[in-house]
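The values are calculated or read from the model by the stated rules, or taken from the named source; none is laboratory data. In this text the structure is predicted, and so the values were computed from the model without any measurement. Please note: Cβ atoms are built from the backbone with ideal geometry, for glycine as well, and neighbour counts cover all protein chains shown. Surface accessibility is based on the protein's heavy atoms, side chains included, excluding ligands, DNA and RNA. Shrake-Rupley method; radii C 1.70, N 1.55, O 1.52, S 1.80 Å.
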Amino acid sequence: MRSRAAPDWTAWTMPPFPNCGNSGWTSDSEKMPMHTELSAAASNPWYYEYLDQIANLELKNKPAQQGGTALRYRAARDAQGGGPICARIARALLPLPAGGTVILVTGTGNPEWLPQGETDGPSGVAVLARVFGALGLRSCVLSEARFLPGIAAAVRAAGTPLLEESAWRRRDNAALALPFPTGAAAAEPFIDGLLRRLPDPAAGFFIEKPGPNAQGVFHNSSGKPKDSEWVAHAHLLADALRARGLPTLAVGDGGNEIGFGRLRASLADVLPGGRDCGCPCHGGLLDATEVDLLLPAAVSNWGAYAIAGALALVHGRPGLMPDWPEVAASIAAPIAAGAYDGYSGLALDTVDGTSRAANQSVYRLMREVLRLANEQGG
């Protein structure tokens with residue numbers, strides 16, 4: 001495994017985004033040099049702006065959830081220097097090593113109502129795995145064993161082959177699915193072995209993955225506590241990757257997911273349950289894990305799709321994202337493995353209570369952004 005110096009996430013620059021200050025940063029010139037040969041379309045900030053906006057279209061039908069999407073996104077944008085966050089994430093990954101391994105972590109649920117997980121998260125990971133494969137990068141998909149069948153099914157449905165490790169090491173566009181053990185004691189030995197085992201780890205993504213608050217208690221988005229021995233302590237992987245100087249990127253939609261440690265101070269007093277979750281810990285539902293970049297979204301899958309679109313833009317490949325039927329299949333696939341919609345609890349290919357039509361419209365709008373960028377050309 002190659003160790004790298006911790007990147008400077010505040011230095012890498014790009015053309016200023018309108019009305020939002022400087023939207024970019026530089027890293028050390030060896031790993032993340034100034035990218036000066038982007039096409040006119042790829043350097044146009046508005047396409048990334050559109051992707052962020054689409055990912056944060058709040059289509060929730062419960063008063064307790066309404067308004068929180070804009071609150072979380074604004075806080076993240078302010079905390080990360082202004083400008084579209086999907087652009088920051090995509091450009092933070094320039095360049096990625098050919099044949100490197102991107103770690104993708106997802107999976108959430110509860111023992112009673114969502115014992116095999118939910119439909120938000122797997123499709124986002126599946127679309128990212130497909131895009132990374134097209135860019136010549138391996139994906140390593142991690143989740144608790146109970147959630148992994150549905151997540152693996154989503155990855156396959158979106159078109160990425162899941163292989164045994166020996167075969168996966170010989171391919172640069174495939175995925176490997178590994179169980180992340182539950183409980184605190186098992187996490188660090190697993191992580192140490194994983195980072196020695198994977199060929200050239202390049203970055204870590206945490207999509208709709210719960211993390212603990214400052215007191216070490218995991219919660220769902222309503223502030224109800226989770227049994228810490230029932231969940232994977234994947235936040236420790238984020239810490240380990242950062243210690244090695246590898247980019248850590250996160251997407252979440254409730255505040256309880258890995259990555260919201262960046263926003264705890266700004267959200268604690270304005271997000272319901274942010275300061276006091278109401279459970280016996282009274283420590284608030286906000287995750288305490290620091291990552292390099294966080295994209296809050298209305299639905300975590302949508303945030304992952306926006307990042308996929310941004311990657312297509314920065315690489316000048318507007319056709320990089322899979323077609324909608326493959327994405328639709330990646331949403332439906334976990335249902336056959338026992339997952340449900342995390343909000344309605346129904347065995348339907350809806351996501352966080354958003355309809356099939358809403359998910360299709362969001363994805364097609366993102367594809368439309370790429371069409372516009374292709375029309376502008378370079």
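For this structure, a couple of remarks:
- Entry remark, the range 187-243: residues being among the acidic types (Asp, Glu) and under 19 Å from VAL125 (Cβ atoms) number 1 in total.
- If only residues of the range 320-345 that are among the aromatic types (Phe, Trp, Tyr) and touching a Ser or Thr at 6+ places or on another chain (Cβ under 9 Å) are counted, the one that is nearest to TRP113 (Cα to Cα) is TYR340.
- In summary, PHE260 fulfils each of the numbered conditions (1) under 17 Å from THR182 (Cα atoms); (2) buried (at least 24 other Cβ atoms within 10 Å of the Cβ) with the single exception of condition (1).
- Residues of the range 60-79 that turn out to be more than 16 Å from ILE258 (Cα to Cα) and surrounded by 17 or more Cβ atoms within 10 Å (Cβ to Cβ), as a count: 6
- Scan of the range 345-366 for residues that are in a loop (DSSP other than H, G, I, E, B) and buried (at least 18 other Cβ atoms within 10 Å of the Cβ), ordered by number: ASP349, THR350, ASP352, GLY353
- Beta carbons closer than 7 Å, at least 6 apart along the sequence or on distinct chains, pair a first residue in the range 146-158 that is crowded, with 23+ Cβ neighbours inside 10 Å and at pLDDT 95 or above with a second that is charged (D, E, K, R) and assigned to a helix (DSSP H, G or I) for ALA157/GLU326; ALA158/ARG130; ALA158/GLU326.
- In the range 204-232, the residues that are closer than 13 Å to GLY252 by Cβ, open to solvent by 10 Å² or more (accessible area, probe 1.4 Å) and at pLDDT 95 or above: GLU208, PRO210
- Only helices (runs of 4 or more DSSP H) whose full extent lies in the range 228-344 are considered here, and the ones with at least 2 residues that are within 30 Å of GLU375 (Cβ to Cβ) are 300-314, 324-336.
- Selection within the range 97-132 - open to solvent by 10 Å² or more (accessible area, probe 1.4 Å) and within 16 Å of the chain's Cα centre (by Cα): THR108, GLU118, ARG130
- If you go through the range 133-145 and keep only what is surrounded by fewer than 24 Cβ atoms within 10 Å (Cβ to Cβ) and more than 22 Å from GLY309 (Cβ to Cβ), you end up with CYS140, GLU144, ALA145.
- Once the range 182-208 is narrowed to residues that are of a type in the set (Asp, Glu) and touching a residue at least 60 places away in the same chain (Cβ under 8 Å), the residue that is nearest to LYS226 (Cα to Cα) is GLU208.
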